[in-house]
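Asks: Got a structure for you, questions after.
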Amino acid sequence: MKELEGTLLGQIQRWAKERPDQGALHRLNAFGDWDAVTWRDYRDRVMAVGRGLMALGVRRGDSVTLVGANSPDWVICQHGITAAGATPCPVYTTNLAEQVGYIVRHSGSRIIMIDDQTQLDKVESPDFGAEVDHVVGFGALEATRPDLLSLGELEEKWAAQTHEDALHARLAETQLDDSPLRVYTSGTTGLPKGAELTHRGIKTVVDGILELYGEPLRAREQRGVSYLPLCHAAEQIFTNFLALNVGARTYFCPDLSELKDYLVKVRPTYLLGVPRVWEKLQAALLGQLAQASGFKKSLATWALATEAAATRRELETRTPARGVRRAVARGLVVNKIRDALGISDVDLAFSGAAPLSTDTANFFQGLGVVLHEAYGMTETTGVATLPPFRQPKLGTVGQPMKGVEVRISDEGEIQLRGQNMVRSYHRLPEKTAELWDGEWMRTGDLGAFDDDGYLRITGRMKDLIITAGGKNVGPVGIEGLLTKIPGIGQAVAVGDKKPFLCALLVIDPENLAGLLEGAGVKDTLTAAQAARDPKVLEFVRTSVETVCNAKLARYQQIKYFELLADPFTVESGELTPTMKLKRHVVNEKFSGLIESLYADRSRVAS
C-alpha cells in the first residue's frame, strides 16, 4: 500500500506479500514448542485489531494504553492501534496502579489493553484513579476472564462491524510525522513524560542502522529475542523497527529471568543487552570459573585470553586473525561456552541504555563477541550514535549515525539534531521547551569526541557530585572502576556537599564465588555473611585502592564504603525497568547509612 511506505505497517504488509507462510512471531507453548504467527496472519490480525478498535469508537489521533509482557499479541495490539490511526501508549508491567492510572489520564486513553490478572487488579484498584470505556484482555487474561472484552472478540466480532474500506481510508490519512508510538520515559526523576515518536523518526533510525550493519543483517535469515520491556525505545528498535525491516523471526521471552534459557533455544543472530544483562552473563561465567580448579581453570583462562587477543587483533587490523593457538582455544573452550550460552550464532551484539564497562566489553571479546555500544535516549527514537560494524572503541559509543548531528556545548553537554529527535512531550509544552536549545536537543549528558570522531560519555549534568571543597565529580566513571572488583555487581558513589567521596558496593550473587576466592575465604558464605566477613572486607578495601583509587585524582577517590548483600532491583525501586540506576532513590533510601559513613570513622577506610 503506497500510503504506508516508510512505516512499520508498510513493512508488515510487505512481508505478508513476499513471505506469507513464514513464521514472524514466535511464542513458547506449555509443551516447550514454538507457536508461530506467520507474516500473513500477522498482517491480518493487525488489520482486524485496527477495525475492531474503530468499531469501539477509536478515532484518528486518539490514544490507547497497552500493558503486558512481551508477546506476539503485544505487538499485534501495538500495530493494530496504529492501523486505527491512534497512538499506542505502552506502560511498564512493574508500574503501580496509580502510575498506570496517571498515564491513562495523561494520554486521554479510553481503552486499555492488558494481559494478566495482576494488571487487571491495578485497573480495578481505588488507586488507579482513571476512567476507561473498555478493557481488552489478551494473553492469559483472555483465557481466564470471559466477562472482559477479549482480543479474540475484538478481532472477530467487533472487527466485522467495520468494513475494510473504512480501515483503508483511515490508513490513507497516515502522515510520516504522525506518532505511531508514545513512549513514556521510565522516570529516573519526576513524573514520566510521553515522548512522541514519529514514522519519519523511526525511518531515520532504521536507515542509519542499515547503513552500518546492512551487510551482516542481510547475509542470512535473522533471529532475535524480545525480552526487554517493549515500553522502552531500545527494545522497540530490535523487536519492531529492525526486525520488520529485515524480515527477522522474533522470539518472545516474557520474563527477563528466563533469558538464558531462551538464548539457548533460539540461538539469535543479533542480540541487544543493557549493560546489566551483559554483566550478569559475565558474572555467571566468572562464578563458574572461580569454582573450577587445576588444569581446567588454567585451560579456560588461557583460552579466553587467547581469543580476546585474536579478536582485538582482528578489530585493529580489520582482517581475520587465524592461527593454531586460536583454533585450539576455540575448539577446547570458547565454542563450548558460546554454545552453552546460546550466543554461537550472534553476528551482531549491542549494548545500550547505560554505560558499558570496558572490563565487560573485553571479557566478551574473550568469547569472540564484539559488543557495539550505542548511545541514545527515548527522545532520539532510541539511538543517535553507533560504531561501524566491528569497529567499536572501548570507552566510547561510536559516531553520529546517518541523519544525526552532534555538538558539545560550552558546558560540555551533548546536544543533537536530526529527524529522529521527538517533536514534543505529549501535553507538556513547558517540558518540551526545556528539551531544546534553539534547534538542538539537549540531552543532559556530558561528553567529548576523541581524535577519530568517536563520542565518549563522561557523565550526567544532574548526576555531578559537588564536594564541600567545590570539586565537580562525575560518579559514573568511578562506579565503573568499582564494579571491576571481583564479586561487586553494583556501585554508587556519594558525597554531594561532603568533604570526600564514599560508596555503596553491592555483592553480585552470581559471582559471590569470585569475591570469596579473591578474599581467600574457603568457607561457603551467603552474601549477607560475606558482607560482614573481615577477610572479605579487607579484600574489598585493598581492591578499592588498587582497582579504583590508584587511577583517580585525590578528590575523586573513595574514602569509606559499605558492602551490601541485597542487589538493587526494579522491584525494590532502585532501578528503572530497563535497569538504569535511580540515583535519587538510592540516596533517599540509604540516607541514614550514607550519613553514618561520614560520622562513623570506625568503618572500613581506604
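The values are calculated or read from the model by the stated rules, or taken from the named source; none is laboratory data. Treat the numbers as computed from the prediction; the structure is a model and nothing was measured. Neighbour counts are summed over all protein chains in view; Cβ atoms, including those assigned to glycine, are modelled from backbone coordinates with ideal geometry. Accessible surface areas use protein heavy atoms only, side chains included; no ligands, DNA or RNA. Shrake-Rupley method; radii C 1.70, N 1.55, O 1.52, S 1.80 Å.
Asks: Would you be able to say whether some residue in segment 297-319 is part of a loop (DSSP other than H, G, I, E, B), modelled with pLDDT under 95 and not polar (S, T, N, Q)?
Replies: Checking segment 297-319: at least one residue is part of a loop (DSSP other than H, G, I, E, B), modelled with pLDDT under 95 and not polar (S, T, N, Q).
Asks: Answer yes or no: is there a residue in segment 449-467 that is within 30 Å of Leu181 (Cα to Cα), modelled with pLDDT under 95 and touching a Phe, Trp or Tyr at 6+ places or on another chain (Cβ under 6 Å).
Replies: Checked segment 449-467: no residue is within 30 Å of Leu181 (Cα to Cα), modelled with pLDDT under 95 and touching a Phe, Trp or Tyr at 6+ places or on another chain (Cβ under 6 Å).
Asks: Sort through Ala309, Ala292, Ala283 and tell me the only one that's within 14 Å of Gly368 (Cα to Cα) and not hydroxyl-bearing (Ser, Thr, Tyr).
Replies: Values: Ala292 fails: within 14 Å of Gly368 (Cα to Cα); Ala283 fails: within 14 Å of Gly368 (Cα to Cα).
Selected residue: Ala309, the only one of Ala309, Ala292, Ala283 that is within 14 Å of Gly368 (Cα to Cα) and not hydroxyl-bearing (Ser, Thr, Tyr).
Asks: A follow-up question, please. Confirm whether Ile202 is under 15 Å from the mean Cα position of the chain (by Cα), within 17 Å of Thr82 (Cα to Cα) and not in a loop (DSSP other than H, G, I, E, B).
Replies: In short, no.
Asks: I need the full set of residues from segment 8-17 which are in contact with a helix residue (DSSP H, G or I) (Cβ under 8 Å, 6 or more places away or on another chain), more than 16 Å from Thr239 (Cβ to Cβ) and not small (Gly, Ala, Ser), in order please. Break it down stepwise before answering.
Replies: In the first step, residues of segment 8-17 are kept if they are in contact with a helix residue (DSSP H, G or I) (Cβ under 8 Å, 6 or more places away or on another chain); the result is 8-13, 15-16.
Right, trim to more than 16 Å from Thr239 (Cβ to Cβ) and you get 10, 13, 16.
The one that is in contact with a helix residue (DSSP H, G or I) (Cβ under 8 Å, 6 or more places away or on another chain), more than 16 Å from Thr239 (Cβ to Cβ) and not small (Gly, Ala, Ser): Gln13.
Asks: Of these, Ser186, Ser179, which one is modelled with pLDDT of 95 or more, closer than 23 Å to Thr87 by Cα and not in a helix (DSSP H, G or I)?
Replies: Ser179
Asks: Please list, ordered by first then second residue, the pairs with beta carbon atoms under 6 Å, 6 or more apart or interchain, first in segment 111-138 and closer than 12 Å to Leu149 by Cα and outside any strand (DSSP E or B), second of a type in the set (D, E, K, R) and open to solvent by less than 30 Å² (accessible area, probe 1.4 Å).
Replies: Taking only residues 6 or more apart or on different chains, the pairs are Phe138/Asp73; Phe138/Asp115.
Asks: Looking only at segment 126-158, which residues are hydrophobic (A, V, I, L, M, F, W, C), open to solvent by 40 Å² or more (accessible area, probe 1.4 Å) and under 20 Å from Pro254 (Cα atoms)?
Replies: Those that are hydrophobic (A, V, I, L, M, F, W, C), open to solvent by 40 Å² or more (accessible area, probe 1.4 Å) and under 20 Å from Pro254 (Cα atoms): Ala140, Ala143.
Asks: Restricting segment 408-455 to residues that are polar (S, T, N, Q) and under 13 Å from Thr380 (Cβ atoms), which is most open to solvent (accessible area, probe 1.4 Å)?
Replies: Out of the qualifying residues, it is Gln419.
Asks: Taking the options Leu482, Leu552, Leu581, Leu515, name whichever one is over 20 Å from Ser596 (Cβ atoms) and under 25 Å from the mean Cα position of the chain (by Cα).
Replies: That would be Leu581, the only listed residue that is over 20 Å from Ser596 (Cβ atoms) and under 25 Å from the mean Cα position of the chain (by Cα).
To keep it simple, each residue is scored yes or no on (1) surrounded by fewer than 19 Cβ atoms within 10 Å (Cβ to Cβ); (2) of a type in the set (A, V, I, L, M, F, W, C).
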{"residue": "Thr542", "(1), (2)": "yes, no"}
{"residue": "Ala553", "(1), (2)": "yes, yes"}
{"residue": "Gly573", "(1), (2)": "yes, no"}
{"residue": "Leu581", "(1), (2)": "no, yes"}
{"residue": "Ile594", "(1), (2)": "no, yes"}
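Asks: Let me confirm something: among Leu446, Leu394, Leu416, which residue is farther than 30 Å from Tyr102 by Cβ, in contact (Cβ under 8 Å) with a residue 12 or more places away in the chain and in a strand (DSSP E or B)?
Replies: Of the residues listed, the single one that is farther than 30 Å from Tyr102 by Cβ, in contact (Cβ under 8 Å) with a residue 12 or more places away in the chain and in a strand (DSSP E or B) is Leu446.
Asks: I'd like to know if segment 23-40 contains one or more residues that are at pLDDT 95 or above, in a helix (DSSP H, G or I) and either open to solvent by 10 Å² or more (accessible area, probe 1.4 Å) or under 23 Å from His168 (Cα atoms) (or both).
Replies: Yes; the residues of segment 23-40 include at least one that is at pLDDT 95 or above, in a helix (DSSP H, G or I) and either open to solvent by 10 Å² or more (accessible area, probe 1.4 Å) or under 23 Å from His168 (Cα atoms) (or both).
Asks: So which residues in segment 467-499 are over 20 Å from Thr360 (Cα atoms) and surrounded by fewer than 20 Cβ atoms within 10 Å (Cβ to Cβ), if there are any at all?
Replies: Thr467, Ala468, Gly469, Gly470, Lys471, Asn472, Gly474, Asp496, Lys497, Lys498, Pro499, listed by residue number.
Asks: Any chance you could count how many residues in segment 254-273 are among the polar types (S, T, N, Q) and open to solvent by 70 Å² or more (accessible area, probe 1.4 Å)?
Replies: Number satisfying all stated conditions: 1.
Asks: Does segment 290-302 hold any residues that are free of Cβ contacts under 8 Å to residues at least 60 places away in the same chain and open to solvent by 20 Å² or more (accessible area, probe 1.4 Å), and which are they?
Replies: Passing the criteria: Ala292, Ser293, Gly294, Phe295, Lys296, Lys297, Ser298, Leu299, Thr301, Trp302.
Asks: If we keep just the residues of segment 91-110 that are touching a residue at least 60 places away in the same chain (Cβ under 8 Å) and crowded, with 24+ Cβ neighbours inside 10 Å, which is farthest from Asp62 (Cα to Cα)?
Replies: So, considering only residues that are touching a residue at least 60 places away in the same chain (Cβ under 8 Å) and crowded, with 24+ Cβ neighbours inside 10 Å, the one farthest from Asp62 (Cα to Cα) is Val91.
Asks: Going through Gly61, Gly52, Gly57 one at a time, which residue ends up being part of a helix (DSSP H, G or I) and either over 29 Å from the mean Cα position of the chain (by Cα) or more than 22 Å from Ile237 (Cα to Cα) (or both)?
Replies: The match here is Gly52.
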